Amino acid sequence: MDAWLIGGVKSLIVIAMVLQLSALLLWVERKGSALIQNRYGANRANFFGVVPFNLGFLNTLIADPIKLFTKEDFVPAGADRFIHSLAPFLALFPALITFAAIPFGDYVVIGGTTIELRAVDLDVGILYVVAMVAMSVYGVVLAGWASNNRWALLGSIRGAAQMISYEVALGLALVSMVLTYNTLDMQAMVYAQGELIFGVLPAWGFLYQPAALLIVFTAGMAESKRVPFDLPEAESELVAGYFTEYSGGKQAAFMLADFAEVVMTAGLVVTLFFGGWQVPYLTAEGWTLPFMDLIPVTGWIVTVLQLASFTIKVLFFCWLQILVRWTLPRFRYDQLMNLGWKGMIPLALINLFITALMILLVGESA
Amino acid sequence: MIGALCAPAVCSMSDYIPVALTFLFAAIIVAVMVSLNRVLGPRPDRNAIKDETFECGNEHTGSAWRRFAIKFYMVAILFIVFDVEVVFMYPWAVVFRELGWFGFVEMTMFMAVLGIGLLFAWRKGALEWK
(Lines give C-alpha, C1' and ligand atoms only; values in the text may rest on other atoms or scores of the structure.)
Protein backbone atom coordinates (compact mmCIF):
# COMPACT_ATOMS: atom_id res chain seq x y z
CA MET A 1 0.00 0.00 0.00
CA ASP A 2 2.80 2.37 0.95
CA ALA A 3 4.63 1.65 -2.28
CA TRP A 4 1.51 2.56 -4.27
CA LEU A 5 0.88 5.77 -2.34
CA ILE A 6 4.48 7.02 -2.34
CA GLY A 7 5.04 6.01 -5.95
CA GLY A 8 1.82 7.67 -7.03
CA VAL A 9 2.54 10.95 -5.26
CA LYS A 10 6.12 11.07 -6.54
CA SER A 11 5.19 10.33 -10.15
CA LEU A 12 2.40 12.95 -10.06
CA ILE A 13 4.85 15.52 -8.68
CA VAL A 14 7.42 14.77 -11.38
CA ILE A 15 4.88 14.85 -14.21
CA ALA A 16 3.48 18.12 -12.89
CA MET A 17 6.98 19.56 -12.58
CA VAL A 18 7.85 18.68 -16.16
CA LEU A 19 4.52 19.98 -17.52
CA GLN A 20 4.70 23.26 -15.61
CA LEU A 21 8.35 23.84 -16.47
CA SER A 22 7.60 23.14 -20.15
CA ALA A 23 4.76 25.65 -20.17
CA LEU A 24 6.93 28.18 -18.37
CA LEU A 25 9.76 27.61 -20.85
CA LEU A 26 7.36 28.54 -23.63
CA TRP A 27 7.14 31.98 -22.03
CA VAL A 28 10.90 32.12 -21.34
CA GLU A 29 11.48 31.25 -24.98
CA ARG A 30 9.28 34.10 -26.23
CA LYS A 31 10.71 36.55 -23.73
CA GLY A 32 14.24 35.28 -24.38
CA SER A 33 13.88 35.65 -28.14
CA ALA A 34 12.60 39.18 -27.60
CA LEU A 35 15.62 39.92 -25.45
CA ILE A 36 18.13 38.34 -27.84
CA GLN A 37 16.70 39.69 -31.08
CA ASN A 38 15.74 43.11 -29.70
CA ARG A 39 11.98 42.95 -30.21
CA TYR A 40 8.80 42.70 -28.14
CA GLY A 41 7.52 39.41 -26.84
CA ALA A 42 4.62 38.22 -24.72
CA ASN A 43 3.61 41.61 -23.33
CA ARG A 44 -0.18 41.65 -23.60
CA ALA A 45 -1.53 39.48 -20.77
CA ASN A 46 -3.18 41.37 -17.92
CA PHE A 47 -6.28 41.16 -15.72
CA PHE A 48 -8.67 43.65 -17.33
CA GLY A 49 -5.85 46.18 -17.41
CA VAL A 50 -5.65 46.59 -13.62
CA VAL A 51 -2.18 45.09 -13.02
CA PRO A 52 0.53 47.69 -13.61
CA PHE A 53 2.97 45.21 -15.20
CA ASN A 54 2.21 42.57 -17.81
CA LEU A 55 1.67 38.95 -16.85
CA GLY A 56 3.45 37.26 -19.72
CA PHE A 57 3.96 33.97 -17.93
CA LEU A 58 0.22 33.71 -17.23
CA ASN A 59 -0.20 33.97 -20.96
CA THR A 60 1.41 30.58 -21.58
CA LEU A 61 0.14 28.98 -18.36
CA ILE A 62 -3.54 30.02 -18.54
CA ALA A 63 -4.52 32.06 -21.59
CA ASP A 64 -2.85 29.86 -24.21
CA PRO A 65 -4.29 26.57 -22.90
CA ILE A 66 -7.82 28.08 -22.71
CA LYS A 67 -7.52 29.32 -26.26
CA LEU A 68 -6.05 26.06 -27.56
CA PHE A 69 -8.55 23.75 -25.87
CA THR A 70 -11.57 25.64 -27.18
CA LYS A 71 -10.49 25.28 -30.81
CA GLU A 72 -12.24 23.03 -33.28
CA ASP A 73 -10.84 19.52 -33.47
CA PHE A 74 -9.72 19.42 -37.09
CA VAL A 75 -8.78 16.31 -39.07
CA PRO A 76 -8.07 16.79 -42.78
CA ALA A 77 -9.88 14.77 -45.42
CA GLY A 78 -8.01 11.65 -46.46
CA ALA A 79 -6.10 11.42 -43.19
CA ASP A 80 -5.99 8.27 -41.12
CA ARG A 81 -8.28 9.52 -38.34
CA PHE A 82 -7.23 7.07 -35.63
CA ILE A 83 -3.46 7.46 -36.12
CA HIS A 84 -3.90 11.21 -36.54
CA SER A 85 -5.26 11.31 -32.99
CA LEU A 86 -2.81 8.73 -31.68
CA ALA A 87 0.34 10.56 -32.85
CA PRO A 88 0.23 13.55 -30.45
CA PHE A 89 -0.34 11.07 -27.62
CA LEU A 90 2.75 9.10 -28.67
CA ALA A 91 4.77 12.31 -28.96
CA LEU A 92 4.00 13.76 -25.53
CA PHE A 93 3.73 10.54 -23.49
CA PRO A 94 7.42 9.45 -23.66
CA ALA A 95 8.60 13.04 -23.20
CA LEU A 96 6.65 13.27 -19.93
CA ILE A 97 7.72 9.97 -18.41
CA THR A 98 11.45 10.13 -19.25
CA PHE A 99 12.20 12.56 -16.44
CA ALA A 100 10.86 10.06 -13.89
CA ALA A 101 14.19 8.20 -13.68
CA ILE A 102 16.22 11.33 -12.97
CA PRO A 103 16.95 11.90 -9.26
CA PHE A 104 16.16 15.46 -8.17
CA GLY A 105 17.36 15.05 -4.57
CA ASP A 106 18.94 12.60 -2.14
CA TYR A 107 16.27 11.10 0.12
CA VAL A 108 13.93 12.26 2.84
CA VAL A 109 12.71 10.31 5.87
CA ILE A 110 9.04 10.89 6.61
CA GLY A 111 7.52 8.94 9.50
CA GLY A 112 10.31 6.35 9.45
CA THR A 113 9.93 5.69 5.73
CA THR A 114 12.91 6.48 3.52
CA ILE A 115 11.70 8.14 0.33
CA GLU A 116 14.13 8.54 -2.52
CA LEU A 117 13.65 11.78 -4.40
CA ARG A 118 12.97 10.43 -7.87
CA ALA A 119 9.75 9.12 -9.33
CA VAL A 120 10.95 5.60 -10.20
CA ASP A 121 13.67 4.02 -8.02
CA LEU A 122 15.12 1.94 -10.84
CA ASP A 123 18.66 0.58 -10.66
CA VAL A 124 18.69 0.59 -14.49
CA GLY A 125 17.80 4.28 -14.76
CA ILE A 126 20.00 4.92 -17.80
CA LEU A 127 18.34 2.12 -19.77
CA TYR A 128 14.91 3.50 -18.86
CA VAL A 129 15.91 6.94 -20.16
CA VAL A 130 17.33 5.54 -23.41
CA ALA A 131 14.23 3.41 -23.97
CA MET A 132 11.82 6.29 -23.42
CA VAL A 133 13.84 8.70 -25.57
CA ALA A 134 13.77 6.13 -28.37
CA MET A 135 9.97 5.94 -28.18
CA SER A 136 9.51 9.60 -29.02
CA VAL A 137 10.28 8.98 -32.69
CA TYR A 138 6.93 7.18 -33.19
CA GLY A 139 4.89 10.32 -32.54
CA VAL A 140 6.81 12.26 -35.19
CA VAL A 141 6.64 9.54 -37.86
CA LEU A 142 2.96 8.74 -37.34
CA ALA A 143 1.94 12.42 -37.19
CA GLY A 144 3.45 13.15 -40.58
CA TRP A 145 2.22 9.96 -42.18
CA ALA A 146 -1.33 10.08 -40.85
CA SER A 147 -1.86 13.69 -41.98
CA ASN A 148 -1.64 12.68 -45.65
CA ASN A 149 0.08 15.97 -46.39
CA ARG A 150 3.31 16.18 -48.38
CA TRP A 151 4.91 18.77 -46.12
CA ALA A 152 4.04 16.81 -43.04
CA LEU A 153 5.32 13.56 -44.54
CA LEU A 154 8.62 15.18 -45.54
CA GLY A 155 8.98 16.62 -42.06
CA SER A 156 8.30 13.33 -40.37
CA ILE A 157 10.74 11.36 -42.56
CA ARG A 158 13.42 13.95 -41.91
CA GLY A 159 12.60 13.83 -38.22
CA ALA A 160 12.81 10.04 -38.08
CA ALA A 161 16.19 9.92 -39.86
CA GLN A 162 17.58 12.72 -37.69
CA MET A 163 16.37 11.31 -34.37
CA ILE A 164 17.60 7.77 -34.96
CA SER A 165 20.97 9.04 -36.25
CA TYR A 166 21.66 11.05 -33.12
CA GLU A 167 20.32 8.28 -30.91
CA VAL A 168 23.27 6.04 -31.84
CA ALA A 169 25.79 8.70 -30.76
CA LEU A 170 23.76 9.36 -27.60
CA GLY A 171 23.73 5.64 -26.75
CA LEU A 172 27.50 5.31 -27.29
CA ALA A 173 28.24 8.38 -25.15
CA LEU A 174 26.02 7.00 -22.38
CA VAL A 175 27.96 3.70 -22.49
CA SER A 176 31.16 5.62 -21.71
CA MET A 177 29.37 7.27 -18.77
CA VAL A 178 28.29 3.83 -17.53
CA LEU A 179 31.96 2.77 -17.79
CA THR A 180 33.10 5.81 -15.83
CA TYR A 181 30.63 5.38 -12.97
CA ASN A 182 30.50 1.57 -13.19
CA THR A 183 26.74 1.56 -12.68
CA LEU A 184 23.43 1.97 -14.53
CA ASP A 185 21.82 3.60 -11.49
CA MET A 186 21.49 7.37 -11.89
CA GLN A 187 21.29 7.95 -8.14
CA ALA A 188 24.60 6.09 -7.67
CA MET A 189 26.11 8.26 -10.42
CA VAL A 190 25.11 11.37 -8.49
CA TYR A 191 26.62 9.92 -5.30
CA ALA A 192 29.88 9.28 -7.17
CA GLN A 193 29.93 12.93 -8.16
CA GLY A 194 29.84 13.95 -4.48
CA GLU A 195 33.46 12.79 -4.09
CA LEU A 196 36.41 15.13 -4.45
CA ILE A 197 39.38 14.84 -6.81
CA PHE A 198 42.62 15.24 -4.77
CA GLY A 199 40.37 16.54 -1.99
CA VAL A 200 39.85 19.80 -3.86
CA LEU A 201 37.73 19.60 -6.99
CA PRO A 202 34.20 18.14 -6.99
CA ALA A 203 34.33 14.96 -9.10
CA TRP A 204 31.71 16.11 -11.58
CA GLY A 205 31.34 14.05 -14.72
CA PHE A 206 32.30 16.73 -17.24
CA LEU A 207 35.84 16.75 -15.83
CA TYR A 208 36.23 13.07 -16.75
CA GLN A 209 34.16 13.03 -19.93
CA PRO A 210 34.16 16.36 -21.78
CA ALA A 211 33.66 14.65 -25.14
CA ALA A 212 30.66 12.69 -23.86
CA LEU A 213 29.17 15.92 -22.50
CA LEU A 214 29.43 17.47 -25.94
CA ILE A 215 27.80 14.45 -27.59
CA VAL A 216 24.99 14.02 -25.05
CA PHE A 217 24.08 17.71 -25.08
CA THR A 218 24.15 17.95 -28.88
CA ALA A 219 22.24 14.71 -29.36
CA GLY A 220 19.72 15.81 -26.75
CA MET A 221 19.11 19.04 -28.63
CA ALA A 222 18.77 17.10 -31.88
CA GLU A 223 16.20 14.80 -30.22
CA SER A 224 14.12 17.80 -29.19
CA LYS A 225 14.03 18.96 -32.86
CA ARG A 226 14.70 22.62 -32.16
CA VAL A 227 16.88 25.08 -34.07
CA PRO A 228 19.60 24.39 -35.24
CA PHE A 229 18.18 20.86 -35.58
CA ASP A 230 14.64 21.86 -36.53
CA LEU A 231 14.59 20.37 -40.03
CA PRO A 232 11.51 18.24 -39.20
CA GLU A 233 9.44 21.38 -38.57
CA ALA A 234 11.41 23.99 -40.60
CA GLU A 235 8.75 26.72 -40.80
CA SER A 236 10.33 28.43 -43.80
CA GLU A 237 10.42 25.22 -45.87
CA LEU A 238 7.72 22.82 -44.69
CA VAL A 239 4.93 25.07 -43.27
CA ALA A 240 5.17 23.47 -39.82
CA GLY A 241 6.62 20.07 -40.70
CA TYR A 242 5.08 16.99 -39.18
CA PHE A 243 2.39 18.86 -37.20
CA THR A 244 1.15 21.04 -40.07
CA GLU A 245 -2.33 19.48 -39.92
CA TYR A 246 -2.79 19.72 -36.16
CA SER A 247 -4.69 22.30 -34.17
CA GLY A 248 -5.77 22.95 -30.61
CA GLY A 249 -4.82 20.50 -27.90
CA LYS A 250 -3.07 18.14 -30.29
CA GLN A 251 -0.78 20.87 -31.53
CA ALA A 252 -0.19 21.88 -27.92
CA ALA A 253 0.84 18.29 -27.20
CA PHE A 254 3.58 18.51 -29.85
CA MET A 255 4.78 21.88 -28.55
CA LEU A 256 4.84 20.63 -24.97
CA ALA A 257 6.67 17.48 -26.06
CA ASP A 258 9.42 19.64 -27.56
CA PHE A 259 9.81 21.59 -24.34
CA ALA A 260 9.54 18.49 -22.16
CA GLU A 261 12.46 17.10 -24.16
CA VAL A 262 14.39 20.32 -23.48
CA VAL A 263 13.77 19.78 -19.77
CA MET A 264 14.75 16.13 -20.10
CA THR A 265 18.02 16.96 -21.89
CA ALA A 266 18.85 19.51 -19.20
CA GLY A 267 18.07 16.97 -16.47
CA LEU A 268 20.17 14.26 -18.13
CA VAL A 269 23.17 16.55 -18.68
CA VAL A 270 22.98 17.86 -15.10
CA THR A 271 22.68 14.37 -13.63
CA LEU A 272 25.49 12.81 -15.64
CA PHE A 273 27.96 15.67 -15.92
CA PHE A 274 27.24 18.41 -13.39
CA GLY A 275 26.71 16.57 -10.14
CA GLY A 276 22.92 16.23 -10.24
CA TRP A 277 21.56 17.53 -6.94
CA GLN A 278 25.02 17.73 -5.33
CA VAL A 279 26.03 21.08 -3.90
CA PRO A 280 29.83 21.44 -4.16
CA TYR A 281 31.56 20.51 -0.87
CA LEU A 282 28.24 20.01 0.95
CA THR A 283 28.10 16.66 2.77
CA ALA A 284 25.64 15.31 5.31
CA GLU A 285 27.67 16.93 8.14
CA GLY A 286 27.96 20.36 6.58
CA TRP A 287 29.99 22.47 4.23
CA THR A 288 33.53 21.07 4.10
CA LEU A 289 35.43 23.55 1.97
CA PRO A 290 39.04 22.53 1.35
CA PHE A 291 41.62 24.13 3.68
CA MET A 292 38.83 25.57 5.85
CA ASP A 293 36.82 24.63 8.92
CA LEU A 294 33.57 22.75 8.61
CA ILE A 295 30.49 24.95 8.48
CA PRO A 296 27.75 22.85 10.05
CA VAL A 297 24.63 22.58 7.90
CA THR A 298 22.27 19.72 8.64
CA GLY A 299 18.87 18.17 8.26
CA TRP A 300 16.21 19.77 6.10
CA ILE A 301 18.44 22.65 5.05
CA VAL A 302 20.75 20.20 3.25
CA THR A 303 17.80 18.70 1.39
CA VAL A 304 16.46 22.11 0.44
CA LEU A 305 19.89 23.27 -0.74
CA GLN A 306 20.24 20.12 -2.84
CA LEU A 307 16.80 20.57 -4.41
CA ALA A 308 17.67 24.20 -5.14
CA SER A 309 21.00 23.16 -6.63
CA PHE A 310 19.31 20.70 -9.00
CA THR A 311 16.64 23.23 -9.99
CA ILE A 312 19.14 25.99 -10.71
CA LYS A 313 21.34 23.69 -12.80
CA VAL A 314 18.36 22.39 -14.82
CA LEU A 315 17.08 25.92 -15.42
CA PHE A 316 20.54 26.98 -16.53
CA PHE A 317 20.73 24.23 -19.15
CA CYS A 318 17.17 24.95 -20.32
CA TRP A 319 18.21 28.57 -20.77
CA LEU A 320 21.38 27.51 -22.58
CA GLN A 321 19.28 25.54 -25.08
CA ILE A 322 17.00 28.52 -25.64
CA LEU A 323 20.08 30.69 -26.13
CA VAL A 324 21.42 28.27 -28.76
CA ARG A 325 18.01 28.11 -30.41
CA TRP A 326 17.88 31.88 -30.92
CA THR A 327 21.55 32.27 -31.86
CA LEU A 328 22.33 29.66 -34.50
CA PRO A 329 20.80 29.27 -37.97
CA ARG A 330 19.34 25.97 -39.14
CA PHE A 331 21.63 23.21 -40.46
CA ARG A 332 21.41 22.01 -44.02
CA TYR A 333 20.32 18.37 -44.14
CA ASP A 334 23.65 16.98 -45.36
CA GLN A 335 25.47 18.98 -42.67
CA LEU A 336 23.14 17.50 -40.08
CA MET A 337 23.72 13.95 -41.27
CA ASN A 338 27.49 14.48 -41.60
CA LEU A 339 27.69 15.83 -38.07
CA GLY A 340 25.77 12.81 -36.79
CA TRP A 341 27.36 9.94 -38.70
CA LYS A 342 30.82 11.26 -39.58
CA GLY A 343 31.40 13.45 -36.55
CA MET A 344 29.62 12.33 -33.42
CA ILE A 345 29.54 8.53 -33.89
CA PRO A 346 33.31 8.19 -34.59
CA LEU A 347 33.99 10.64 -31.74
CA ALA A 348 31.79 8.60 -29.40
CA LEU A 349 33.54 5.35 -30.44
CA ILE A 350 37.01 6.85 -29.87
CA ASN A 351 35.89 8.34 -26.58
CA LEU A 352 34.57 4.95 -25.46
CA PHE A 353 37.86 3.27 -26.40
CA ILE A 354 39.96 5.87 -24.54
CA THR A 355 37.68 5.67 -21.49
CA ALA A 356 38.08 1.89 -21.28
CA LEU A 357 41.84 2.16 -21.76
CA MET A 358 42.18 4.84 -19.08
CA ILE A 359 40.16 2.84 -16.56
CA LEU A 360 42.54 -0.11 -16.98
CA LEU A 361 45.71 2.01 -16.95
CA VAL A 362 44.87 4.44 -14.17
CA GLY A 363 42.65 2.11 -12.16
CA GLU A 364 39.60 3.01 -10.15
CA SER A 365 40.19 6.76 -10.22
CA ALA A 366 39.43 7.22 -13.90
CA MET B 1 21.32 2.67 0.62
CA ILE B 2 20.21 1.72 -2.84
CA GLY B 3 21.60 -1.74 -2.24
CA ALA B 4 19.59 -1.97 0.97
CA LEU B 5 16.40 -0.96 -0.80
CA CYS B 6 16.83 -3.45 -3.55
CA ALA B 7 19.35 -6.26 -3.26
CA PRO B 8 19.53 -8.33 -6.46
CA ALA B 9 18.19 -11.47 -4.77
CA VAL B 10 15.08 -9.82 -3.34
CA CYS B 11 14.36 -7.47 -6.20
CA SER B 12 10.78 -7.99 -7.20
CA MET B 13 8.25 -6.55 -9.57
CA SER B 14 7.18 -4.14 -6.82
CA ASP B 15 10.07 -1.88 -7.90
CA TYR B 16 8.12 -1.32 -11.06
CA ILE B 17 4.93 -0.13 -9.36
CA PRO B 18 6.06 3.52 -9.61
CA VAL B 19 6.86 2.96 -13.29
CA ALA B 20 3.36 1.64 -13.91
CA LEU B 21 1.84 4.55 -11.98
CA THR B 22 3.93 7.08 -13.89
CA PHE B 23 2.80 5.53 -17.17
CA LEU B 24 -0.81 5.57 -16.02
CA PHE B 25 -0.85 9.20 -14.88
CA ALA B 26 1.04 10.44 -17.92
CA ALA B 27 -1.31 8.48 -20.21
CA ILE B 28 -4.40 9.98 -18.54
CA ILE B 29 -3.04 13.55 -18.68
CA VAL B 30 -1.99 13.26 -22.32
CA ALA B 31 -5.21 11.53 -23.35
CA VAL B 32 -7.26 14.32 -21.74
CA MET B 33 -5.11 16.95 -23.48
CA VAL B 34 -5.53 15.33 -26.87
CA SER B 35 -9.28 14.79 -26.59
CA LEU B 36 -10.30 17.97 -24.73
CA ASN B 37 -11.07 19.78 -27.99
CA ARG B 38 -13.89 17.33 -28.71
CA VAL B 39 -15.60 18.51 -25.53
CA LEU B 40 -14.69 22.20 -25.33
CA GLY B 41 -14.29 23.10 -28.99
CA PRO B 42 -17.06 23.89 -31.47
CA ARG B 43 -18.68 21.09 -33.48
CA PRO B 44 -16.57 20.41 -36.60
CA ASP B 45 -18.11 22.35 -39.45
CA ARG B 46 -16.92 20.32 -42.39
CA ASN B 47 -16.79 21.25 -46.04
CA ALA B 48 -14.66 20.07 -48.93
CA ILE B 49 -12.47 23.17 -49.18
CA LYS B 50 -11.76 23.39 -45.47
CA ASP B 51 -11.01 19.68 -45.14
CA GLU B 52 -8.22 19.84 -47.69
CA THR B 53 -4.69 19.43 -46.43
CA PHE B 54 -2.61 22.59 -46.36
CA GLU B 55 -0.47 22.95 -49.49
CA CYS B 56 0.30 26.69 -49.40
CA GLY B 57 -2.74 27.54 -51.47
CA ASN B 58 -1.96 25.15 -54.30
CA GLU B 59 -4.67 22.81 -55.34
CA HIS B 60 -4.36 19.45 -53.73
CA THR B 61 -3.69 16.54 -56.11
CA GLY B 62 -3.32 12.89 -55.25
CA SER B 63 -2.25 11.30 -52.02
CA ALA B 64 0.89 12.04 -50.02
CA TRP B 65 1.33 8.32 -49.38
CA ARG B 66 3.79 7.60 -52.15
CA ARG B 67 7.46 6.81 -52.70
CA PHE B 68 10.18 8.83 -51.03
CA ALA B 69 13.99 8.98 -51.24
CA ILE B 70 15.77 5.70 -50.52
CA LYS B 71 18.45 7.53 -48.48
CA PHE B 72 16.14 7.63 -45.47
CA TYR B 73 15.74 3.86 -45.72
CA MET B 74 19.55 3.47 -45.75
CA VAL B 75 19.79 5.53 -42.57
CA ALA B 76 17.17 3.34 -40.90
CA ILE B 77 19.05 0.14 -41.83
CA LEU B 78 22.35 1.57 -40.56
CA PHE B 79 20.62 2.68 -37.38
CA ILE B 80 19.34 -0.85 -36.66
CA VAL B 81 22.86 -2.30 -37.08
CA PHE B 82 24.59 0.27 -34.90
CA ASP B 83 21.91 0.54 -32.24
CA VAL B 84 21.85 -3.23 -31.69
CA GLU B 85 25.63 -3.14 -31.25
CA VAL B 86 25.29 -0.32 -28.72
CA VAL B 87 22.81 -2.42 -26.76
CA PHE B 88 25.46 -5.16 -26.48
CA MET B 89 27.84 -2.65 -24.90
CA TYR B 90 25.69 -1.83 -21.87
CA PRO B 91 26.13 -5.17 -20.03
CA TRP B 92 29.83 -5.11 -20.97
CA ALA B 93 30.22 -1.63 -19.49
CA VAL B 94 28.65 -2.71 -16.19
CA VAL B 95 31.02 -5.67 -15.62
CA PHE B 96 34.03 -4.05 -17.30
CA ARG B 97 36.11 -3.66 -14.11
CA GLU B 98 35.72 -7.37 -13.30
CA LEU B 99 36.65 -8.45 -16.82
CA GLY B 100 39.81 -6.31 -16.95
CA TRP B 101 42.11 -6.61 -19.94
CA PHE B 102 40.23 -9.64 -21.30
CA GLY B 103 37.05 -7.58 -21.59
CA PHE B 104 38.99 -4.71 -23.09
CA VAL B 105 40.54 -6.82 -25.87
CA GLU B 106 37.24 -8.52 -26.64
CA MET B 107 35.39 -5.24 -26.89
CA THR B 108 38.18 -3.64 -28.92
CA MET B 109 37.69 -6.38 -31.50
CA PHE B 110 33.93 -5.83 -31.40
CA MET B 111 34.35 -2.08 -31.76
CA ALA B 112 36.87 -2.60 -34.58
CA VAL B 113 34.23 -4.57 -36.50
CA LEU B 114 31.77 -1.77 -35.79
CA GLY B 115 34.30 0.83 -36.93
CA ILE B 116 35.11 -1.08 -40.12
CA GLY B 117 31.38 -1.34 -40.77
CA LEU B 118 31.04 2.41 -40.43
CA LEU B 119 34.07 2.97 -42.70
CA PHE B 120 32.60 0.58 -45.28
CA ALA B 121 29.27 2.41 -45.29
CA TRP B 122 31.16 5.69 -45.51
CA ARG B 123 33.30 4.57 -48.48
CA LYS B 124 30.29 3.08 -50.25
CA GLY B 125 28.63 6.49 -50.05
CA ALA B 126 25.75 5.43 -47.80
CA LEU B 127 26.37 8.52 -45.65
CA GLU B 128 26.41 11.00 -48.55
CA TRP B 129 23.48 13.38 -49.06
CA LYS B 130 23.30 14.92 -52.48
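The lysines whose alpha-carbon is closer than 28 Å to the alpha-carbon of residue A:31, local same-chain residues fewer than 8 away aside, are A:67, A:71, A:225, A:250, A:313. Rounded to the nearest Å, what's the spacing between the alpha carbon centres of region B:67-96 and region B:14-29? Just the number, please. So the separation of the two Cα centres works out to 28 Å.
About its Cα centre, the dipole of chain A is roughly 1120 debye, where the only charges are +1 on Lys and Arg Cβ and -1 on Asp and Glu Cβ. Per-residue mean of foreign Cβ neighbours for B:89-99 is 6 (Cβ atoms of other chains, 10 Å radius).
Mind giving me the FRET efficiency for residue A:4 and residue B:43? R0 is 35 Å, r the Cβ-Cβ distance, nearest 0.05 is fine.
0.30
For the protein assembly as shown, rounded, prolate or oblate, judged on the Cα gyration tensor with a ≥ b ≥ c (square roots of eigenvalues), a/c < 1.5 rounded, else prolate if a/b > b/c? Oblate, since a/c reaches 1.5 and b/c is not below a/b. Does region A:207-366 come out rounded, prolate or oblate by the C-alpha gyration tensor, with a ≥ b ≥ c the root eigenvalues, rounded set by a/c under 1.5 and, if not, prolate when a/b is larger than b/c and oblate if not? Since a/c reaches 1.5 but b/c is at least a/b, the shape of region A:207-366 is classed as oblate.
The alpha carbon gyration tensor of region B:11-84 gives principal lengths a ≥ b ≥ c with a/c of 1.5 or higher and a/b no greater than b/c, which makes the shape oblate.
Secondary-structure-derived ellipticity at 222 nm for chain A, considering helices only, amounts to -20000 deg cm²/dmol, per-run term -39500 (n - 2.57) for DSSP H runs with n ≥ 4.
Restricting to DSSP H runs of at least four residues, report the calculated mean residue ellipticity at 222 nm for chain B, -39500 (n - 2.57) per run over all residues, nearest 500 deg cm²/dmol. Walk me through the intermediate numbers first.
On the way: 6 runs with 84 residues, N = 130.
Calculated mean residue ellipticity at 222 nm is -21000 deg cm²/dmol.
When A:277, A:300, B:101 are compared by accessible surface with a 1.4 Å probe, the order from highest to lowest is A:300, B:101, A:277. According to the Cα-based calculation, Rg over Rh for chain B is 1.17, with Rh computed by the Kirkwood formula. Accessible surface calculations at 1.4 Å, restricted to protein heavy atoms, place chain A at 39 Å² per residue.
The values are calculated or read from the model by the stated rules, or taken from the named source; none is laboratory data. These figures come from a predicted structure and were not determined experimentally. Every residue, glycine as well, gets a Cβ built from its backbone with ideal geometry; the counts of neighbours run over all protein chains shown. For accessibility, only protein heavy atoms count, side chains too; no ligands or nucleic acids. Shrake-Rupley method; radii C 1.70, N 1.55, O 1.52, S 1.80 Å.
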